[in-house]
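Taken together, the values in this text are just the output of simple stated rules run on the coordinates, not laboratory data. If you're wondering where the values come from, they're calculated on a predicted model, not measured in any experiment. As a convention, Cβ positions derive from the backbone with ideal geometry for all residues, glycine included, and neighbour counts pool all protein chains shown.
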Amino acid sequence: MSLTPSNMLPLGTEAPVFTLPDVISGRDVSIHDVVGSKGLLIMFICNHCPYVKHVQEQIVKLSNDYQGEGIGVVAISANDVEAYPEDSPEAMLAEAKKWQYSFPYLYDEDQQTARHYEVACTPDFYLFDNKLKLVYRGQLDDSRPGNEIPVTGKDLRAAINDLLNGNPISTEQQPSVGCNIKWK
């Protein structure tokens, strides 16, 4: 495990288009299938990362809280499953069922989507407005495994709330940190 920060794409970046298989439904899902009327949250996660495990409950809660408010939510896993079989599509499906994901969990087998988003770590969070322009990228909150700070999702929640309420979103955003993407 290598502690890695987000690359922090420039705000205003247009969301790279993707179509990836959803391990839950078995269907291909495109970015246009998941964007909500107010915006889209893309979470790059995986099964094995302790940083993802640390925030797992909060990302499920946050997703459930905002999907009904017009925010589309999708998670993508892009790790090399030959080196990390616990991140395989079968294991992804088991994880999605265990946590009762209400959002698609997509498998980026060729890692091209992760490359287009310049993903560096898991978890990594990207919030786009309804025109698919980047308005937030960075951490869920200040909590990390072992630092005793409660997992609240405050940073990402503040950005989503501002987006929903039509308020300016602070450009002072902290990178997420976690395990590096396991590139092939």
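Given that just one value was derived from the coordinates, which of [x] 9.3; [y] 10.8; [z] 11.5 is mean projected area of the Cα convex hull in nm²?
It is the value labelled [x].
If you restrict to DSSP beta bridges whose two residues both lie in the chain, what percentage is antiparallel, to the nearest 5?
Percent antiparallel among DSSP bridges in the chain is about 70.
Note down the magnitude of the dipole of the chain about its Cα centre, charges +1 on Lys and Arg C-beta and -1 on Asp and Glu C-beta and zero elsewhere, to the nearest 20 debye.
With only Lys, Arg, Asp and Glu charged at Cβ, the dipole is about 240 debye.
Length gain on complete extension for the stretch S37 to E82, per 0.36 nm per residue less the alpha carbon to alpha carbon distance?
Taking S37 through E82 to full extension adds about 12.5 nm, to one decimal.
Under 30 Å between alpha carbons: how many lysine pairs meet that in region 3-180, if sequence neighbours fewer than 8 apart on the same chain are excluded?
21
Points 7 angstrom from Cα along the Cβ direction at D110 and N147: gap in nanometres?
Spacing of the two 7 Å Cα→Cβ label points: 3.7 nm.
Once fully extended, how much extra length lies between E172 and N130, figured as 0.36 nm per residue of separation less the alpha-carbon to alpha-carbon distance?
Gain on extension, E172 to N130, equals 13.0 nm.
Excluding the sites themselves, what is the longest stretch of the chain that contains no GluC sites (Glu not before Pro) in a DSSP loop with at most 12 other C-beta atoms within 10 Å?
1-81
At 222 nm, what value in deg cm²/dmol follows for the chain if DSSP H runs of at least 4 each add -39500 (n - 2.57) and the sum is divided by all its residues, to the nearest 500?
Estimated from H runs of four or more residues: -8000 deg cm²/dmol.
For region 56-139, run through the trypsin sites (Lys or Arg not before Pro) and keep only the ones in DSSP coil with at most 16 other Cβ atoms within 10 Å of their Cβ.
For trypsin sites (Lys or Arg not before Pro) across region 56-139 that sit outside H, G, I, E and B with at most 16 neighbouring Cβ atoms in 10 Å, the list reads K131.
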